[in-house]
Amino acid sequence: MFSLRTIQRRVINAMLSTSTSTTSTTTIQTLHVYDHCPFCIRVDLILNWNSISYQRKSYGYSDQNGPKALTGKKQLPVLEYTTTNGETKYMPESLDIIDFLVNNNFANSILQDDIQKQQLEDWNKSFKASVNDLTRSRILKMPPKFMDFATQEDRDYAMNKYISKGFSYEQAELNYEQALINCNESLVLFDQQFLTTEGKSIHGGDVYGMNDMLFLPDIRKLTCVKDLIWPDRVRKYVEEASNDGGVCLYDDWSC
């Protein structure tokens, strides 16, 4: 079994030798997204981390016709691209899009640490309920420029979706103080468990890997919570990785 350091060196070497998007048989056109959606942000990250040019189109969360016009489903993200013969295609599913970008030499090979991924999944699961309590009401207050919840219809659609799954917005407000304590603890644990090496990536070094792509979007969403206490290293990680990935944080309107 190769060490993580060896894998990283191989990834870096692959980055230096991998052909660029100019040799691909396809052209990336548009990424169709909801800005609050972690699955959509995954694709933003890999596109920007690899300096891939694309247009970004956002939708209101209640909009049925826009997303359905792409793939027949109300489902985002969707990557729109054209082939060399001019045919336009639409690809859903974030992980399928990521594989497509790597396999077609748009993006560099991606480092994956399966042991760390399982640790991150356990960490994320432990605090998911508290994250939902803090963010599901606050994310609805996104400014209209993001489009996700620009109308009352968009906000109602989101609320009804989660209420139908058993989530209570009233109970979430009652849980606020404890949820804040829990999420503060989660960020401290993230700092202690996953930011112990030098570099931008949670894998170590400055080459972002799959675990960054999978878990950064959820942490980014917490920037909509004004009273959260961010450990310095966690805050630096979120700011740098999001900036490199071309996505903004929510501090300006956090509440």
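The values are calculated or read from the model by the stated rules, or taken from the named source; none is laboratory data. Model, not experiment: these values are computed from the prediction. Because the Cβ atoms are built from the backbone with ideal geometry, glycine has one as well, and the counts that use them run over all protein chains shown.
Checking residue 130 against (1) in a helix (DSSP H, G or I); (2) closer than 30 Å to residue 72 by Cβ, which test does it fail?
Only one criterion in (1) in a helix (DSSP H, G or I); (2) closer than 30 Å to residue 72 by Cβ is unmet by residue 130, namely (2).
Could you list all residues from the stretch 224-255 that are assigned to a helix (DSSP H, G or I), aliphatic (A, V, I, L, M) and within 27 Å of residue 96 (Cβ to Cβ)?
Result: 238, 241.
Can you find, within the stretch 103-127, the residue that is farthest from residue 202 (Cα to Cα) among those that are among the hydrophobic types (A, V, I, L, M, F, W, C) and touching a residue at least 24 places away in the same chain (Cβ under 8 Å)?
106
Just to be sure before I move on: is residue 66 at pLDDT 95 or above, more than 23 Å from residue 212 (Cβ to Cβ) and out of contact with any Asp or Glu (no Cβ under 8 Å at 6 or more places or on another chain) in the structure I sent?
Judged against the criteria, residue 66 is a match.
So which residues in the stretch 195-213 are outside any loop (DSSP other than H, G, I, E, B) and buried (at least 22 other Cβ atoms within 10 Å of the Cβ)?
Within the stretch 195-213, 211, 212, 213 qualify.
Does the stretch 127-150 contain at least one residue that is more than 22 Å from the chain's Cα centre (by Cα), within 18 Å of residue 60 (Cβ to Cβ) and assigned by TED's automatic domain parsing to the domain that holds residue 225?
Within the stretch 127-150, not a single residue is more than 22 Å from the chain's Cα centre (by Cα), within 18 Å of residue 60 (Cβ to Cβ) and assigned by TED's automatic domain parsing to the domain that holds residue 225.
Just to verify a result, which residue in the stretch 215-232, among those that are over 17 Å from residue 120 (Cα atoms) and of a type in the set (Val, Ile, Thr), is surrounded by the fewest Cβ atoms within 10 Å (Cβ to Cβ)?
229
With the condition kept exactly as written, say whether any residue in the stretch 94-106 is touching a Cys at 6+ places or on another chain (Cβ under 8 Å) and of a type outside the set (S, T, N, Q).
Taking every residue of the stretch 94-106 in turn, none turns out to be touching a Cys at 6+ places or on another chain (Cβ under 8 Å) and of a type outside the set (S, T, N, Q).
With (1) assigned to a loop (DSSP other than H, G, I, E, B); (2) under 17 Å from the mean Cα position of the chain (by Cα) as the list, and residue 221 as the residue in question, which single condition is left unmet?
It is condition (1) that residue 221 fails.
Name every residue in the stretch 43-62 that is among the charged types (D, E, K, R) and touching a residue at least 40 places away in the same chain (Cβ under 8 Å), in order of residue number.
44
Any residue that is buried (at least 17 other Cβ atoms within 10 Å of the Cβ), in a helix (DSSP H, G or I), of a type in the set (A, V, I, L, M) and touching a residue at least 12 places away in the same chain (Cβ under 8 Å) - is there at least one of those in the stretch 144-155?
no
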